[in-house]
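First comes the structure, then the notes that go with it.
Coordinate-derived values only; no laboratory data. Remember, predicted model here, so these are calculated numbers, not experimental data. Cβ coordinates were reconstructed from backbone atoms using ideal geometry, including for glycine residues, and neighbour counts include every protein chain displayed.
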Amino acid sequence: MGIVLKGGKILDRKGERSLDVSIGSDGKILETGKKLNGDVEVDCSGCIITSGLVDLHVHLREPGDEEAETIETGARSGAMGGFTALVAMPNTEPTTDCLAVVEQVKTLGKKSSCEVIPSAAMTVGREGKEMVQMGELVDNGIGIFTDDGKGLQDPQLMRRLMEYSTGLESRLGRPIVLAQHCEVHELAEGGHMHEGEWSSFLGIPGQPAEAEELMVMRDIALSKMTGARIHFQHLSTLGSVQMVREAKAAGLPVTAEATTHHFTLTDSACSCYDPVFKVHPPLRTESDVKAVKEGLADGTIDAIATDHAPHSQHSKEMPFDQAPPGMLGLETALSLSLEHSGLDLPGVLNLLSWQPAKIAGIDNRHGMTVEKDNPANLCVVDLDETWTVSGKEMLSRSSNTPYEGWNLRGRVRHTINNGLLVVSDGESTK
Amino acid sequence: MSLDIETPLIPNKHLLGIEGTTRDQIELILELTDRFAEIGKRPIPKVPALRGRTVASVFFEDSTRTRLSFESAARRLSADILTFSAGSSSLSKGESLRDTVEVITSYGADVLIVRHKMAGTPKRVSEWTDASVINAGDGCHEHPTQALLDCYTLKQQRGSLDGMSIGIVGDIRHSRVARSNVLAFSSLGAKVTLIAPKTLLPPSIERWPVDVSNVLDDVISDLDACYLLRMQSERHSKGLVPSLREYTKDFGLNEQRCKMLPKDALILHPGPKNQGVEITAEVSIDPRSIILDQVTNGVSVRMAVLFMLLGQHETYQKDEL
């Protein structure tokens, strides 16, 4: 007998039911039922029990920038936010573009509080010049390729990657995902925030919405041309959402994510000149935020991701142009989504767990129903608990949250990763 | 001279921009500048108003004029001066901006005069120091003391800016002088027209209190003052204008074009001039040019600003002025 989650209410794709959940030593759900007993009884009264969250977009910084985050601290932060699976971005140092680095990330991930899914760069060194050894990586289970942080500029190379990757799908046994950070370099270059009224007023050079939209447009065209699957990372503009909506209506194999900050913050936040609000793509306008929320609501956007991007304190205590872009997200994503996404509770879980698990190809163990024999990757959420965001108190090694001082509702009480209680009563156990 | 030192002239501790400064406050500074201008004409142009106070000029970006102007102002007020100069690149050697600011503050500076190539840096600096901060130019954002001295110079000539039509010509997109002056001129009742090719205008300025023209010749005859901005040669290499030659042809103030400017109009330039590009040598010395007055008034305005931020000090005796 192992852990029993007692007194909570299961909420999954099949609906709600007030049942206890017993978890076996093999990491799977042993049974669900009334009044179950176990060696470790975990109080879930007043909480919902659901599948652990899945983040398609996380920067864990290891190897290379362990001062900002490590796989261990990032995964701990993730678990605290209710995540059980994190897709690690490849902009590490060295770049995660070959088997050696992939294996390092996997190995460190195995010891951590979440399942860490490495993604690999699309091009060597994320330089946009040569394809990575895609076949070899696919044969070792890598299914997500991205040059995140940089959009792949060369349309011919993007086309070739799309063509080449579709030919590898039978080897992977599931679709390969090419995930694009859409940003046309020449239009965005030198811009540190969204180009618009605020950037003009503040004197901060901006990057226009069109820098993102032109690449969304191009990749939709290339997807149509090649039949390849493309995943749009962190959609942030009204135009991008609209194009993805139309592409889906036309039956193209495109998916998209939006980050919590792109539906909770606008470019006006940069008026304090604190680079904690600097992020790529940049915070946009009210109408973009509205469009992103509409995209979440109508299925245009498949997943809420965090783009969790830890940065050391000193690197953000710099002039706006010199500070690196990016903000923390793992520990605030669920609460922000519950309160600000406009989605109902099942909608939030759909976009934070069920659908991203499918996109990442891990829906055989994450984002599943809470039922017998399914792997126990679960989170237990108290929907009524209120809390105040504090960067210093976060489990991430960094503290660059743009939500400092925000009062949020809904908090993770317990997280179970592969049958282990990694967060218990709001405290990390690892 | 007598000053009511019990009344705070500026409620703010810092001067970070014209944004957030009211018309009344601007007018008070200009009024005070008059009194400091008088000191500059004395045989010994020095008063003990800031004796014992330390002014740090913290220039992360090169500047000759603004620094000299501030340092002259501080010397005339008998302040001690600390000079920090570094290219912004020194920060990337590992010291964060905050470290740098804390170190300078710990030398006992009462005010930091900050110039930086990036917008917003003086504001950030003000969050990390107990000293007052004066923005001496931050990237493409603001240069408030330049705007104040421009207002003072115009007022000196015309008595008031109310109803004046002022054209600002040139690279407005990258100009902190333009941003501060748009706010200051319109706050004092002037009508401002921004005159530049579209590539040198900031995007999304529909709600700014300005008119916009892309053709100088269309509007020049309506101007009471023509404010020329420095045109930097690298704007051409970045593809913002086809060539400096074409820019000069369409937007440069030469003798020919100067004839279209009303006879009693004024010509201003914040310096340093790019002679032969936005202005010719002949026009610089046209009787309508008040460019040298701007330089002279710069010191007086900066004395006024320093005095306002630091002068209300227990050791200061108002009869010492």
The stretch B:11-54: GluC sites (Glu not before Pro) falling in loop per DSSP and having at most 12 other Cβ within 10 Å: none
Peptide-level mean, for A:320-326, of C-beta atoms on other protein chains within 10 Å: 4
Other-chain or far-sequence residues with amide H under 5 Å of A:Ser390's (modelled H): A:Gly405
The stretch A:235-350: C-alpha gyration tensor shape, a/c 1.5 cut-off, then a/b vs b/c: prolate
Cα-based reach from A:Lys293 at 15 Å (exclusive), listing aspartates and glutamates while leaving out same-chain residues under 8 positions away: A:Glu257, A:Asp302, A:Glu339, A:Asp344
15 Å beta-carbon shell around A:Glu197, net charge (K/R +1, D/E -1): -2
Rough spin-label spacing in nm, given labels placed 7 Å along Cα→Cβ, for B:Arg158 and A:Thr388: 5.1 nm
Amide H contacts of A:Thr306 (H built 1.01 Å from N, under 5 Å, at least 5 apart or other chain): A:Leu56, A:His57
Cut-off under 5 Å, modelled amide H: who pairs with B:Leu201 long-range: B:Arg173
Rounded to whole Å, sorted largest first: equivalent-ellipsoid semi-axes of the stretch A:137-275, Cα gyration tensor: 31, 15, 14
Linear extension gain, B:Ala86 paired with B:Glu38, 0.36 nm per residue minus alpha-carbon span: 13.9 nm
Contour minus Cα-Cα distance for B:Tyr107 and B:Asp24 (0.36 nm per residue): 26.5 nm
Gyration tensor (alpha-carbon) shape descriptor, the stretch B:167-301, a/c threshold 1.5: rounded
Separation of the A:Asp154 and B:Glu31 label points, Cα + 7 Å toward Cβ, nm: 6.8 nm
³J(HN,Hα) computed for each position of the stretch A:240-254 - Karplus, 6.51 cos²θ - 1.76 cosθ + 1.60, integer Hz, glycine/proline x: 4, 4, 4, 5, 5, 4, 5, 5, 5, 4, 7, x, 6, x, 10
Net +/- balance of residues flanking A:Val370 in space, Cβ distance below 15 Å, scoring K and R +1, D and E -1: +2
Mean separation of Cα contacts under 8 Å (6+ apart) over length of chain B, as relative contact order %: 21 percent
Nonlocal Lys pairs with alpha-carbon distance under 14 Å, the stretch A:1-48 (8 or more apart, or different chains): 4
Out-of-range pairs (alpha-carbon distance over 27 Å; input A:Lys290/B:Lys198; A:Lys129/B:Lys117; B:Lys155/B:Lys263; B:Lys198/B:Lys273; A:Lys129/A:Lys224): A:Lys290/B:Lys198; A:Lys129/B:Lys117
Relative contact order (%) - criterion: Cα under 8 Å, at least six apart; region: the stretch A:259-373: 28 percent
Residue mean of other protein chain beta carbons inside 10 Å, B:118-130: 5
³J(HN,Hα), Karplus 6.51/-1.76/1.60, whole Hz, each residue of the stretch A:382-399, x for Gly, Pro: 8, 6, 9, 5, 9, 8, 10, 6, 9, x, 5, 7, 6, 7, 4, 5, 9, 9
Relative contact order (%) - chain A, alpha-carbon pairs under 8 angstrom, separation at least six: 20 percent
Rounded to whole Hz, the Karplus (6.51, -1.76, 1.60) HN-Hα couplings of the stretch A:310-315, x for glycine and proline: x, 9, 5, 4, 5, 6
Average partner coverage of A:199-210, which counts Cβ from other chains inside 10 Å: 6
Only Lys, Arg (+1) and Asp, Glu (-1) charged, at Cβ; chain B dipole about Cα centre in debye: 600 debye
Angle between chain A longest axis and helix A:155-166 axis [Cα atoms, degrees, rounded to 10]: 30 degrees
For chain A, size of Cβ-based charge dipole, Lys and Arg +1, Asp and Glu -1, in debye: 1200 debye
Per DSSP, loop trypsin sites (Lys or Arg not before Pro) in the stretch B:192-287 with at most 15 further Cβ within 10 Å: B:Arg207, B:Lys238, B:Lys259, B:Lys263
Highest to lowest packing among A:86-93, B:291-298, scored as the average C-beta count within 10 Å: A:86-93, B:291-298
All lysines inside 24 Å of A:Lys392 as judged from Cα atoms, apart from same-chain residues fewer than 8 positions distant: A:Lys278, A:Lys316, A:Lys430, B:Lys123
Under 13 Å, Cβ to Cβ, from A:Glu93 - net charge with Lys/Arg +1 and Asp/Glu -1: -4
Within chain A, helix-based [θ] at 222 nm, where runs of 4 or more DSSP H residues each add -39,500 (n - 2.57), nearest 500: -8000 deg cm²/dmol
